[in-house]
Amino acid sequence: MLARSLSVVGQKTKLYGTMKKNILLAACCLCVQAFTFAQNDTLTYTRDITLSEAIALARVQSVDAAVALNELKTAYWEYRTFRADLLPEVNFTGTLPSYNKSYSSYQNSDGSYTFVRNNSLGLSGQVSIDQNIWLTGGTLSLTTSLDYIKQLGSDSFHQFMSVPVSLQLTQPIFGVNTLKWNRRIEPVRYAEAKAAFITATEEVTMTTITYFFNLLLSKETLATARQNKENADRLYEVAIAKRKMGQISENDLLQLKLNALQGEADVTEAESNLNANMFQLRSFLGVSEQEVLNPVLPESVPDINIGYKDVLNKALERNSFAQNIRRRQLEADYEVATAKGNLRSINLTASIGYSGQNNTFKSAYHNLLNNQVVQVGFTIPILDWGKRRGQVKVAKSNRDVVMSQIRQEQMEFNQNIFLLVENYNNQAQQLRIAEEADRIAEKRYQTSVETFMIGKISTLDLNDAQNSKDEARQTHISELYYFWYYFYQLRSLTLWDFERNTELEVDFEDVVRR
């Protein structure tokens with residue numbers, strides 16, 4: 001029995017030990033998993049990104065794109081507000097209720113005054129359909145109204161007054177017709193805003209190109225610096241062995257040592273520049289800081305030759321600058337018209353309709369009477385010391401200033417387009433030269449390294465080949481950047497896609513709903 005008991009106790013002890021091990025193992029797994037999840041929050045990953053992908057992201061996620069979209073929305077709703085001014089409005093006005101319990105002065109027939117007590121309750125309401133008349137600048141209103149008054153106190157009574165229908169015209173005479181001018185100005189302003197939005201989108205692209213190639217150049221510079229450092233270290237090790245054999249001078253050995261140290265410094269500087277440009281592009285594109293963007297060098301560029309006349313005509317037809325000129329001309333003419341209209345002011349108000357009154361609501365709409373009112377009010381200055389005529393002169397002078405500025409801006413606009421077209425057409429040749437120079441410089445450097453290894457050239461020749469290689473690579477990327485920058489700058493001025501030979505179009509109704 002004792003042996004059996006000991007056996008059972010041993011089995012239980014073994015079982016408890018196994019369970020304890022399993023629990024500890026599970027706890028360790030949970031800890032490792034939790035640590036892994038915590039580490040994943042800070043993990044970074046590399047993402048290859050092409051120029052077209054960067055442009056697409058910038059147009060959707062960048063702050064500049066959001067600003068351009070909000071400016072378009074503002075212009076859109078301003079234009080919608082102007083269009084609403086041309087449509088009839090239905091308005092309801094009323095007083096519900098008006099209670100009056102007070103004293104007021106009253107003049108008797110003999111000229112004396114006395115105070116009488118008011119104690120009344122009133123209700124009133126009016127529905128009107130108002131239509132602005134853009135041709136004349138007046139307002140036509142069709143109204144219906146009902147008023148109710150109840151006298152409170154010992155002599156209480158009540159009465160209704162109705163105006164079933166009334167037609168009223170308010171018409172300024174000789175003054176400026178603001179609505180007519182708005183019909184000319186506001187469509188031009190909205191067209192300017194739409195063109196400016198497309199231009200702003202292309203300018204977002206140009207900014208993206210700048211940041212993209214800054215990062216690309218930093219990447220290439222870092223790769224070159226690392227390669228140069230590796231070569232410098234290898235050449236220095238070879239030089240040590242050659243110095244021991246007396247094949248090179250102490251001066252050449254020290255120069256190679258300096259090259260190795262400079263290579264290490266160049267790598268550190270290139271890494272800092274890469275991180276700075278990486279942060280700049282990521283911030284502009286609105287991507288996570290955990291993404292390491294790896295810009296891909298564009299393999300090809302469009303082979304398109306563009307003529308100055310073609311670009312100028314498209315720019316004058318579609319660019320917001322053309323709409324801006326037209327709007328400013330109209331606004332200057334409007335200011336002159338406003339100043340002339342202020343020389344005298346005459347307003348005509350005419351109203352025709354029917355009205356009725358009775359003690360009951362239903363009877364107030366029976367036995368209606370004609371209700372006609374015609375008023376002509378005017379303001380004509382007799383002596384204002386030439387103030388209003390001076391305002392006309394100022395408005396005309398301001399218009400002349402605007403026209404002079406427009407002529408100057410037009411000449412500068414044409415000149416800038418001419419220079420841009422020339423730069424773009426020349427850039428294709430510059431890019432081809434830079435590509436060829438980059439290949440030659442790289443080949444020359446590799447040959448110089450091999451030649452130095454066998455002792456046939458000096459360190460000065462080797463350094464010259466390395467510097468030429470580095471400069472040729474940077475020049476190649478810079479010329480590629482200028483080509484794309486000029487290309488999209490032409491797109492932003494003409495709002496034309498030269499690759500597809502079609503205009504840049506946007507569904508503005510869809511855009512403003514975002």
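The values are calculated or read from the model by the stated rules, or taken from the named source; none is laboratory data. Predicted, not measured: the structure shown is a model, and the values here were computed from it. Note that each Cβ is placed from the backbone with ideal geometry, even for glycine, and that neighbours are counted across all protein chains shown.
Annotations
- Members of segment 81-101 found to be more than 21 Å from TYR148 (Cα to Cα), among the charged types (D, E, K, R) and not in a helix (DSSP H, G or I), listed by number: GLU89
- Hits in segment 477-514 - residues which are in a helix (DSSP H, G or I) and modelled with pLDDT under 90: PHE508, GLU509, ASP510, VAL511
- Applying the criterion of being in contact with a strand residue (DSSP E or B) (Cβ under 6 Å, 6 or more places away or on another chain) and at pLDDT 90 or above to the residues of segment 282-294, the residue that is surrounded by the most Cβ atoms within 10 Å (Cβ to Cβ) is LEU293.
- Take the conditions (1) part of a helix (DSSP H, G or I); (2) in contact (Cβ under 8 Å) with a residue 12 or more places away in the chain; (3) farther than 30 Å from ASN414 by Cα; LEU312 misses just one of them, which is (3).
- Scanning segment 371-423 for residues that are polar (S, T, N, Q), exposed (fewer than 12 other Cβ atoms within 10 Å of the Cβ), farther than 19 Å from GLY307 by Cα and modelled with pLDDT of 90 or more returns SER397, SER404, GLN408.
- Flag for SER104 being loosely packed, with under 11 Cβ neighbours inside 10 Å, outside any strand (DSSP E or B) and at pLDDT below 95: no
- Of the residues making up segment 240-286, just one is part of a loop (DSSP other than H, G, I, E, B) and under 39 Å from the mean Cα position of the chain (by Cα), namely GLY286.
- Long-range neighbours under 8 Å by Cβ, at least six apart or interchain, first residue farther than 18 Å from LEU217 by Cα within segment 258-271, second among the aromatic types (Phe, Trp, Tyr) and in a helix (DSSP H, G or I): ASN259/TYR236; ALA260/TYR236
- Condition check for ARG473: free of Cβ contacts under 8 Å to residues at least 60 places away in the same chain, in a helix (DSSP H, G or I) and not aromatic (Phe, Trp, Tyr): no
- Screening TYR354, TYR334, TYR365, TYR308 for residues that are surrounded by 13 or more Cβ atoms within 10 Å (Cβ to Cβ), within 30 Å of the chain's Cα centre (by Cα) and not assigned by TED's automatic domain parsing to the domain that holds PHE197 leaves exactly one candidate, TYR334.
- Some residue of segment 170-187 being assigned to a helix (DSSP H, G or I), outside the structural domain of VAL376 (by TED's automatic domain parsing) and within 30 Å of GLN61 (Cβ to Cβ): no
- Candidates SER128, SER162, filtered to the one that is in contact with a helix residue (DSSP H, G or I) (Cβ under 7 Å, 6 or more places away or on another chain) and within 19 Å of SER355 (Cβ to Cβ): SER162
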